[in-house]
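Reviewing the structure listed below.
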Amino acid sequence: MNERLPSSDCGADAAQVGHFRTTDWSAVLSAGAGESAAAEVALAKLCGAYWFPLYAFVRRQGYTQHDAQDLAQGFFMRLVEKKILRGVDRQKGKFRSFLLSSIKNFLANDWDRRHALKRGGRCSFISCDEETAEKLFQRGTCGQRTPEEDFDRTWAMVLLETVRSSLKREFIAAEKSSLFDALEPCVSGDKADVSYADLAERLGITEGAVKMAAVRLRKRYRELLRTEISKTIGAGEEIDEEIRYLLAVLGRQ
């Protein structure tokens, strides 16, 4: 693949860092087919990472900031309590598509709205920063895009940030945070504003070493991106196809 990646992170030599943990959509569906509590744990992890696109989608439907927060919490609780996962085909369906379809049904149902998790009620299914979420919503949505288009766009943004955070943690663990900070702009494949010579002087290494490190950083970024994508698609879907779609979504204004 030769797609240029929106600037978020770089990649590193996998042998030098810890391996990526797996909590994928297929595992959620597999656990959901039985009585195992593993389904709730796996679903909570995925929802915790990707709750913001749903929050933004609910806000685009005209709900207030507080109501959108309550509805998102109530929606996730209902997924688990009503064991909705048992009716999902394990062989197809992206987690992204499943959530968008499910939240539409949830919002269309008066009972669901009346019984959404209320503020100050039961424990939240996910933990989130509402103030930050609202700031991101105000900055990232666009009236010229449909709520569905905004959902996919915010999904892609969250996915890339998840990859960036995971990669940064790897470099911190490997005691190479300064290398990560210096070469992070290289991840997009466009180093117009980055001078390898300047970076080499700053890092105290040769320019050739900087170039090699940048190549490895981009490689590791793509590895983590593919891993994260694989956690959100069905068994019969292609990772490359999903990456191309999400990058195209991010490129739209």
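Structural remarks
- Potential lengthening between Ser97 and Leu250 on full extension [0.36 nm per residue; Cα-Cα distance subtracted]: 53.4 nm
- Here Ser195 and Glu148 are evaluated by their C-beta separation; at R0 = 35 Å the FRET efficiency comes out at 0.25.
- Report note on the peptides 99-108, 46-55: ranked by the mean count of other C-beta atoms within 10 Å, highest first, their order is 46-55, 99-108.
- Under Karplus coefficients 6.51, -1.76 and 1.60, residue-wise ³J(HN,Hα) of the range 174-181 in Hz, glycine/proline x: 8, 6, 10, 4, 5, 5, 4, 4
- The trypsin sites (Lys or Arg not before Pro) of the range 194-253 that DSSP puts in a loop, and whose beta carbon has at most 12 other beta carbons within 10 Å, are Arg252.
- Förster-model FRET efficiency, 41 Å R0, Lys83 and Met212, C-beta, rounded to 0.05: 0.20
- Measuring against 27 Å, Cα to Cα, the residue pairs Lys45/Lys94; Lys83/Lys219; Lys104/Lys219; Lys45/Lys211; Lys83/Lys168 contain Lys83/Lys219; Lys104/Lys219; Lys45/Lys211; Lys83/Lys168 as the ones spanning a longer distance.
None of the figures in this text is laboratory data; all of them are computed from the coordinates on show. Please read these numbers as outputs of a predicted model, since none were measured by experiment. Heads up, the Cβs are rebuilt from the backbone with ideal geometry, glycines too, and the neighbour counts pull from every protein chain shown.
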